[in-house]
1. Residues in region 201-223: is at least one within 14 Å of the chain's Cα centre (by Cα) and either assigned to a strand (DSSP E or B) or loosely packed, with under 12 Cβ neighbours inside 10 Å (or both)?
2. Need the failing condition index for residue 59 against (1) on the phi > 0 side of the Ramachandran plot; (2) within 17 Å of the chain's Cα centre (by Cα), just the number.
3. What is the residue count in region 96-110 for residues that are at pLDDT 95 or above and either over 22 Å from residue 54 (Cβ atoms) or touching a helix residue (DSSP H, G or I) at 6+ places or on another chain (Cβ under 8 Å) (or both)?
4. Name the single residue, out of those in region 111-125 being modelled with pLDDT under 95 and out of contact with any helix residue (DSSP H, G or I) (no Cβ under 6 Å at 6 or more places or on another chain), that is surrounded by the most Cβ atoms within 10 Å (Cβ to Cβ).
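The values are calculated or read from the model by the stated rules, or taken from the named source; none is laboratory data. For clarity, every value in this text was computed on a predicted model and none was experimentally measured. Using ideal geometry, Cβ is built from the backbone for each residue, glycine included, and neighbour counts are taken over all protein chains shown.
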(Lines give C-alpha, C1' and ligand atoms only; values in the text may rest on other atoms or scores of the structure.)
Protein backbone atom coordinates (compact mmCIF):
# COMPACT_ATOMS: atom_id res chain seq x y z
CA UNK A 1 0.00 0.00 0.00
CA UNK A 2 1.06 3.67 -0.37
CA UNK A 3 3.06 5.02 2.60
CA UNK A 4 1.25 7.12 5.17
CA UNK A 5 1.03 10.83 4.29
CA UNK A 6 2.18 11.64 7.85
CA UNK A 7 5.63 10.20 7.16
CA UNK A 8 7.85 13.10 6.09
CA UNK A 9 10.81 10.85 5.26
CA UNK A 10 8.96 8.47 2.94
CA UNK A 11 9.28 9.25 -0.80
CA UNK A 12 6.08 9.74 -2.82
CA UNK A 13 4.45 6.42 -3.61
CA UNK A 14 4.90 5.44 -7.24
CA UNK A 15 2.27 3.01 -8.60
CA UNK A 16 4.86 1.69 -11.07
CA UNK A 17 6.97 0.11 -8.31
CA UNK A 18 4.67 -2.84 -7.48
CA UNK A 19 3.63 -3.06 -11.13
CA UNK A 20 7.24 -3.51 -12.20
CA UNK A 21 7.68 -6.21 -9.57
CA UNK A 22 4.71 -8.04 -11.10
CA UNK A 23 5.96 -7.55 -14.66
CA UNK A 24 9.23 -9.29 -13.86
CA UNK A 25 7.21 -12.32 -12.72
CA UNK A 26 4.28 -12.33 -15.15
CA UNK A 27 3.60 -11.62 -18.81
CA UNK A 28 2.54 -7.98 -19.29
CA UNK A 29 -0.77 -8.24 -21.16
CA UNK A 30 -3.17 -8.50 -18.22
CA UNK A 31 -1.38 -5.92 -16.07
CA UNK A 32 -1.33 -3.36 -18.89
CA UNK A 33 -5.09 -3.71 -19.27
CA UNK A 34 -5.47 -2.73 -15.62
CA UNK A 35 -3.18 0.33 -15.75
CA UNK A 36 -3.03 1.53 -19.39
CA UNK A 37 -2.09 5.06 -18.33
CA UNK A 38 1.41 3.93 -17.28
CA UNK A 39 1.88 1.30 -19.99
CA UNK A 40 4.66 3.16 -21.82
CA UNK A 41 6.75 3.61 -18.67
CA UNK A 42 6.31 -0.03 -17.71
CA UNK A 43 7.29 -1.40 -21.11
CA UNK A 44 10.55 0.56 -21.08
CA UNK A 45 11.67 -1.57 -18.14
CA UNK A 46 10.69 -5.08 -19.20
CA UNK A 47 10.60 -7.25 -22.32
CA UNK A 48 7.18 -8.06 -23.73
CA UNK A 49 5.88 -10.67 -26.21
CA UNK A 50 7.11 -9.86 -29.70
CA UNK A 51 4.85 -8.43 -32.39
CA UNK A 52 5.13 -9.29 -36.09
CA UNK A 53 5.20 -6.95 -39.11
CA UNK A 54 5.76 -7.47 -42.84
CA UNK A 55 8.30 -5.63 -44.97
CA UNK A 56 6.40 -3.96 -47.81
CA UNK A 57 9.36 -4.17 -50.22
CA UNK A 58 9.98 -7.91 -50.08
CA UNK A 59 7.00 -9.26 -48.11
CA UNK A 60 9.27 -10.79 -45.46
CA UNK A 61 8.13 -10.89 -41.84
CA UNK A 62 10.15 -9.27 -39.06
CA UNK A 63 9.78 -8.75 -35.32
CA UNK A 64 9.09 -5.50 -33.49
CA UNK A 65 10.82 -4.46 -30.28
CA UNK A 66 12.46 -1.46 -28.63
CA UNK A 67 15.72 -2.23 -30.43
CA UNK A 68 14.40 -1.45 -33.93
CA UNK A 69 12.01 1.32 -32.87
CA UNK A 70 12.49 5.04 -33.37
CA UNK A 71 9.51 7.07 -32.19
CA UNK A 72 6.44 5.31 -33.58
CA UNK A 73 8.30 3.68 -36.48
CA UNK A 74 10.07 0.32 -36.72
CA UNK A 75 13.06 -0.56 -38.91
CA UNK A 76 12.95 -3.69 -41.03
CA UNK A 77 16.16 -5.76 -40.94
CA UNK A 78 15.53 -6.79 -44.55
CA UNK A 79 15.18 -3.42 -46.31
CA UNK A 80 16.72 -1.21 -43.59
CA UNK A 81 13.70 1.09 -43.98
CA UNK A 82 11.33 2.39 -41.31
CA UNK A 83 7.57 1.80 -41.29
CA UNK A 84 5.81 4.22 -41.06
CA UNK A 85 8.41 5.95 -43.24
CA UNK A 86 11.05 7.96 -41.36
CA UNK A 87 13.93 9.59 -43.23
CA UNK A 88 16.06 10.46 -40.20
CA UNK A 89 15.60 7.24 -38.22
CA UNK A 90 18.63 5.68 -36.50
CA UNK A 91 20.44 3.10 -38.64
CA UNK A 92 23.68 1.13 -38.23
CA UNK A 93 26.86 2.25 -39.97
CA UNK A 94 27.56 0.83 -43.42
CA UNK A 95 30.12 -1.62 -42.02
CA UNK A 96 27.79 -2.83 -39.28
CA UNK A 97 24.86 -3.05 -41.68
CA UNK A 98 26.78 -5.64 -43.73
CA UNK A 99 27.17 -7.76 -40.59
CA UNK A 100 23.47 -7.30 -39.84
CA UNK A 101 22.45 -8.49 -43.31
CA UNK A 102 24.67 -11.56 -43.00
CA UNK A 103 23.32 -12.28 -39.52
CA UNK A 104 19.70 -12.17 -40.61
CA UNK A 105 20.35 -14.74 -43.33
CA UNK A 106 22.25 -17.03 -40.95
CA UNK A 107 19.81 -16.78 -38.05
CA UNK A 108 16.84 -17.35 -40.34
CA UNK A 109 18.35 -20.78 -41.06
CA UNK A 110 19.08 -21.27 -37.34
CA UNK A 111 15.44 -20.49 -36.58
CA UNK A 112 14.23 -22.99 -39.16
CA UNK A 113 16.39 -25.75 -37.69
CA UNK A 114 15.80 -25.14 -34.00
CA UNK A 115 12.21 -23.91 -34.07
CA UNK A 116 10.91 -25.84 -37.06
CA UNK A 117 9.86 -22.55 -38.61
CA UNK A 118 9.12 -19.42 -36.65
CA UNK A 119 10.35 -15.86 -37.23
CA UNK A 120 13.73 -14.32 -36.46
CA UNK A 121 15.15 -10.79 -36.61
CA UNK A 122 18.68 -9.53 -35.97
CA UNK A 123 19.39 -5.85 -35.27
CA UNK A 124 22.72 -4.10 -34.71
CA UNK A 125 23.65 -0.59 -33.61
CA UNK A 126 26.88 1.31 -33.07
CA UNK A 127 28.16 2.03 -29.56
CA UNK A 128 29.14 5.68 -29.92
CA UNK A 129 30.71 6.15 -26.48
CA UNK A 130 32.65 2.88 -26.50
CA UNK A 131 35.95 1.77 -28.02
CA UNK A 132 36.27 1.56 -31.79
CA UNK A 133 34.91 -1.75 -32.99
CA UNK A 134 32.36 -2.03 -30.18
CA UNK A 135 28.74 -2.62 -31.06
CA UNK A 136 25.52 -4.00 -29.63
CA UNK A 137 22.71 -6.04 -31.09
CA UNK A 138 19.51 -7.92 -30.48
CA UNK A 139 18.57 -11.34 -31.81
CA UNK A 140 14.86 -12.16 -31.63
CA UNK A 141 12.96 -15.42 -32.13
CA UNK A 142 9.23 -16.02 -32.14
CA UNK A 143 7.49 -19.37 -32.55
CA UNK A 144 3.70 -19.40 -32.48
CA UNK A 145 2.58 -23.00 -32.57
CA UNK A 146 -1.12 -22.21 -32.80
CA UNK A 147 -3.21 -25.28 -32.10
CA UNK A 148 -1.20 -28.39 -31.20
CA UNK A 149 -3.67 -31.22 -31.70
CA UNK A 150 -1.37 -34.01 -30.49
CA UNK A 151 -0.88 -32.33 -27.12
CA UNK A 152 -4.44 -31.07 -26.92
CA UNK A 153 -3.11 -27.51 -26.71
CA UNK A 154 -5.11 -24.55 -27.92
CA UNK A 155 -2.10 -22.24 -28.25
CA UNK A 156 1.62 -22.23 -27.58
CA UNK A 157 4.00 -19.27 -28.02
CA UNK A 158 7.76 -18.94 -27.43
CA UNK A 159 9.36 -15.47 -27.54
CA UNK A 160 13.11 -15.04 -27.09
CA UNK A 161 14.99 -11.73 -26.82
CA UNK A 162 18.79 -11.92 -26.83
CA UNK A 163 20.71 -8.66 -26.32
CA UNK A 164 24.47 -8.78 -26.87
CA UNK A 165 27.28 -6.27 -26.40
CA UNK A 166 30.58 -6.88 -28.15
CA UNK A 167 33.89 -5.14 -27.46
CA UNK A 168 37.36 -5.81 -28.91
CA UNK A 169 39.79 -7.55 -26.60
CA UNK A 170 43.27 -7.26 -28.02
CA UNK A 171 43.84 -7.92 -31.73
CA UNK A 172 42.18 -11.27 -32.23
CA UNK A 173 39.47 -11.60 -29.57
CA UNK A 174 36.24 -9.97 -28.48
CA UNK A 175 34.31 -9.94 -25.23
CA UNK A 176 30.60 -10.69 -25.51
CA UNK A 177 28.02 -9.89 -22.85
CA UNK A 178 24.71 -11.61 -23.50
CA UNK A 179 21.42 -11.01 -21.70
CA UNK A 180 18.59 -13.32 -22.74
CA UNK A 181 14.90 -13.32 -21.88
CA UNK A 182 12.55 -16.14 -22.84
CA UNK A 183 8.77 -15.80 -22.55
CA UNK A 184 6.61 -18.92 -22.71
CA UNK A 185 2.84 -19.12 -23.00
CA UNK A 186 0.76 -22.30 -23.31
CA UNK A 187 -3.03 -22.62 -23.15
CA UNK A 188 -5.27 -25.66 -22.94
CA UNK A 189 -8.95 -24.81 -23.27
CA UNK A 190 -10.96 -25.00 -20.04
CA UNK A 191 -8.02 -26.63 -18.24
CA UNK A 192 -5.04 -24.32 -17.69
CA UNK A 193 -3.05 -21.34 -18.93
CA UNK A 194 0.68 -21.45 -18.31
CA UNK A 195 2.75 -18.26 -18.65
CA UNK A 196 6.30 -17.67 -17.55
CA UNK A 197 9.49 -15.81 -18.35
CA UNK A 198 13.13 -16.24 -17.51
CA UNK A 199 16.16 -13.94 -17.84
CA UNK A 200 19.77 -15.07 -17.76
CA UNK A 201 23.20 -13.61 -18.56
CA UNK A 202 26.38 -15.02 -20.07
CA UNK A 203 29.83 -13.52 -20.67
CA UNK A 204 32.36 -15.02 -23.08
CA UNK A 205 35.72 -14.01 -24.52
CA UNK A 206 36.15 -15.57 -27.97
CA UNK A 207 38.48 -15.33 -31.00
CA UNK A 208 36.99 -13.44 -33.95
CA UNK A 209 38.89 -15.18 -36.74
CA UNK A 210 35.60 -16.38 -38.28
CA UNK A 211 33.73 -13.14 -37.53
CA UNK A 212 31.16 -12.14 -34.93
CA UNK A 213 28.12 -14.01 -36.29
CA UNK A 214 29.35 -17.55 -35.42
CA UNK A 215 30.32 -16.38 -31.92
CA UNK A 216 26.95 -14.75 -31.27
CA UNK A 217 25.17 -17.83 -32.57
CA UNK A 218 27.23 -20.11 -30.34
CA UNK A 219 26.61 -18.23 -27.08
CA UNK A 220 22.91 -17.74 -27.88
CA UNK A 221 22.58 -21.46 -28.58
CA UNK A 222 24.32 -22.29 -25.28
CA UNK A 223 22.28 -19.93 -23.11
CA UNK A 224 18.94 -20.55 -24.80
CA UNK A 225 19.36 -24.31 -24.45
CA UNK A 226 20.09 -23.92 -20.74
CA UNK A 227 17.06 -21.66 -20.31
CA UNK A 228 14.80 -24.12 -22.09
CA UNK A 229 15.83 -26.83 -19.64
CA UNK A 230 15.29 -24.47 -16.69
CA UNK A 231 11.80 -23.54 -17.88
CA UNK A 232 10.93 -27.18 -18.28
CA UNK A 233 12.15 -28.02 -14.77
CA UNK A 234 10.68 -24.96 -13.04
CA UNK A 235 7.23 -24.79 -14.61
CA UNK A 236 6.45 -28.32 -15.73
CA UNK A 237 8.30 -29.86 -12.79
CA UNK A 238 6.28 -27.62 -10.47
CA UNK A 239 3.02 -28.76 -12.09
CA UNK A 240 4.07 -32.39 -11.64
CA UNK A 241 4.83 -31.79 -7.95
CA UNK A 242 1.43 -30.17 -7.40
CA UNK A 243 -0.38 -33.07 -9.08
CA UNK A 244 1.63 -35.63 -7.11
CA UNK A 245 0.84 -33.85 -3.84
CA UNK A 246 -2.87 -33.98 -4.67
CA UNK A 247 -2.97 -37.63 -5.67
CA UNK A 248 -0.20 -40.17 -5.24
CA UNK A 249 -0.14 -42.40 -8.33
CA UNK A 250 2.92 -44.39 -7.36
CA UNK A 251 1.41 -46.54 -4.57
CA UNK A 252 -1.37 -49.10 -4.31
CA UNK A 253 -3.74 -49.79 -1.44
CA UNK A 254 -3.07 -53.00 0.52
CA UNK A 255 -5.06 -56.01 -0.72
CA UNK A 256 -6.84 -56.33 2.63
CA UNK A 257 -8.13 -52.77 2.38
CA UNK A 258 -9.29 -53.35 -1.22
CA UNK A 259 -11.20 -56.51 -0.21
CA UNK A 260 -12.80 -54.68 2.71
CA UNK A 261 -13.96 -51.90 0.37
CA UNK A 262 -15.40 -54.46 -2.05
CA UNK A 263 -17.38 -56.13 0.73
CA UNK A 264 -18.75 -52.84 2.02
CA UNK A 265 -19.88 -51.72 -1.44
CA UNK A 266 -21.69 -54.93 -2.42
CA UNK A 267 -25.37 -54.43 -3.15
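1. yes
2. (2)
3. The total comes to 7.
4. Once the filter is applied, the top-ranked residue is 111.
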